[in-house]
Amino acid sequence: MLLAIPPRLSLPLATVAALCFLTGCSDADRVAKKTQTQRATPVKTVSVTPTKVTRTSVQPATIHAYYRAELRSQASGYVESFTSDIGEYVESGTVLAKISVPEKLQQRRVMEARIRRLVAQEKQAAAGVRLAEAAKRSAQAKLAQAKSEGAAVDASLAAANAEFNRTEDLVNRGSLQNRMLDEARMKRDSESARKQAVESAVASAQADVEVASAKVESAQADLETAQAETDVTRRELDELDVWIDYAEIKAPFSGIITERNLEPGDLVRASSEVGLGKPLFAISQIDRVRVQIPVPENHAPLVNPGDEVSLTFPSFASEPPLIAQVTRRSGSLDAQTRTMLVEVEIDNPDGKLIPGMFGQASIQLATQTAANLLPAQAIRFDESGSAFVYVVAADDTISIQEISTGVDDGNFIEVLTGVEPGQAVVDAHLSRFIDGQKVAVVGATH
């Protein structure tokens, strides 16, 4: 019969197990205890130490252009020419390509002719206003003349009345003949009739003035209508000019052309939706770049603007890390990845950092916490990947304790649960131990 030996038993313990099988368990126990006492394994221990640590979040990082725009056309037509190609630096407002729109140019010429006609109508309406104002002034002069004549007639009538009264008095006294009274009466009646005629002339002149005033108002309304129509047509021309301006593809900001998808003679169709089809050009501003870092949910609340970030890139492996600060954080988690976007801005005057480059970011989180640390070599892992340590009790016996770990900087590992501060655990050792096994502590580190 083969004897099964547990994996954590050393060879002497296996011998003890064999004795248990051959001679009986009670005798074997006594032999095992005696063997362990005589052959206690020498070990060095290390204490679980609470230490102030600054947490570091190490995450992937990707470089993005500070600004990137995909340029499309609002105008439909054939590509007449283009002046910029990929890799070229262009200033803001530079014309990158022109699209031929002859039908819009013809429409513009028609609209200009219409404006010239409307301007002529404005001049005609203005002349009508001046003519109406002159007619009004003429009517006002006639009214003034009629009123002046009325005043003269009033004076003559008053004189005729006075003469009639005087003549009538003299006739009544017998100083004059009745014939003289008749002449005075006729003269008075004539002046009275003349006054009525003058009053009619004044009324007529007043009516002419009112008609002339109405004509002036009408002419002014015609002028305002002509001016408004001219102004509307000019605004329509401005709108057409804006549309024609779309036929020139211009750089929205200074940057490098990173994509071109047109050739001379290509038919370009207007698109009102961003992202519909391939862009005519893509332009990126890279004299300053953004480094985007997805931070997992457990570290997201600890990241704040101003936190120090160390950036390394495989393309510059021989160079020291770039040190920067967190510029901004999105403040929300992505529903799919459960990460929060963090951005770092870096000046890139020589263009060395290219959008799309992949690297690694180490974010120094702003909070300092007390953590239980152990040297990395004092922590073991079983076949399933679970971590455990060998705790050494006061009587120098071993107990196997499962633990959960946290931050790992390569030298020390944070112990979250399983052990308490001050407990001693076996440091680096090649042997495996079992619960209750005696050891001989030959050195301890605190």
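Assorted remarks:
- Top positive-direction residue, dipole computed over region 265-362 with Cβ charges, set Leu353, Pro321, Gln285: Gln285
- Potential extension, Ser200-Gln364 segment - 0.36 nm per residue separation minus Cα distance: 48.6 nm
- Per residue solvent-accessible surface (Å²) - region 373-433, probe of 1.4 Å: 52
- A Förster distance of 22 Å, applied to the separation of the beta-carbon atoms of Glu224 and Glu112, puts the FRET efficiency at 0.45.
- Separation of region 62-123 and region 389-421, taken as the distance between their Cα centroids, equals 71 angstrom.
- In a simple Cβ point-charge model (Lys, Arg +1; Asp, Glu -1; nothing else charged), region 342-392 has a dipole of about 240 debye relative to its Cα centre.
- Applying a DSSP loop filter and a limit of 15 other Cβ atoms within 10 Å to the GluC sites (Glu not before Pro) in region 383-446 leaves Glu383.
- Fraction of accessible area attributable to carbon and sulfur, region 273-396 (%, probe 1.4 Å): 52
- Prolate/oblate/rounded call for region 84-143, Cα gyration tensor, a/c under 1.5 rounded: oblate
- Label zone at Thr445 (point 7 Å along Cα-to-Cβ), backbone N below 17 Å, region 401-422: 408-415, 422
- The GluC sites (Glu not before Pro) of region 82-117 that DSSP puts in a loop, and whose beta carbon has at most 10 other beta carbons within 10 Å, are Glu91.
- If the chain linking Ser190 and Ser310 were pulled fully straight, counting 0.36 nm for each residue of separation and taking away their Cα-Cα distance, it would gain 31.3 nm.
- Over the C-alpha atoms of region 220-281, the Rg to Rh ratio, Rh being the Kirkwood estimate, stands at 1.24.
- Put a plus charge on the Cβ of each Lys and Arg, a minus charge on the Cβ of each Asp and Glu, and nothing anywhere else: the dipole of region 303-446 about its Cα centre is then about 100 debye.
- Over 28 Å (Cα to Cα) - which of Lys250/Lys278; Lys52/Lys438; Lys142/Lys195; Lys98/Lys352 fall in this group: Lys52/Lys438; Lys98/Lys352
- Take every pair of alpha-carbon atoms less than 8 Å apart whose residues are at least six positions apart; their mean separation over the length of region 315-446 yields a relative contact order of 18 percent.
- Segment Ala214-Gln74, extension gain: residue separation times 0.36 nm, minus the distance between their alpha carbons: 45.4 nm
- Region 308-350 - accessible surface per residue (Å², probe 1.4 Å): 62
The values are calculated or read from the model by the stated rules, or taken from the named source; none is laboratory data. Since the model is a prediction, treat every value here as computed from it, not as a measurement. All Cβ positions, even for glycine, are placed from backbone atoms using ideal geometry, and neighbour counts span all protein chains on display. Note: accessible area is taken over every heavy atom of the protein model, side chains too, but ligands, DNA and RNA are not part of it. Shrake-Rupley method; radii C 1.70, N 1.55, O 1.52, S 1.80 Å.
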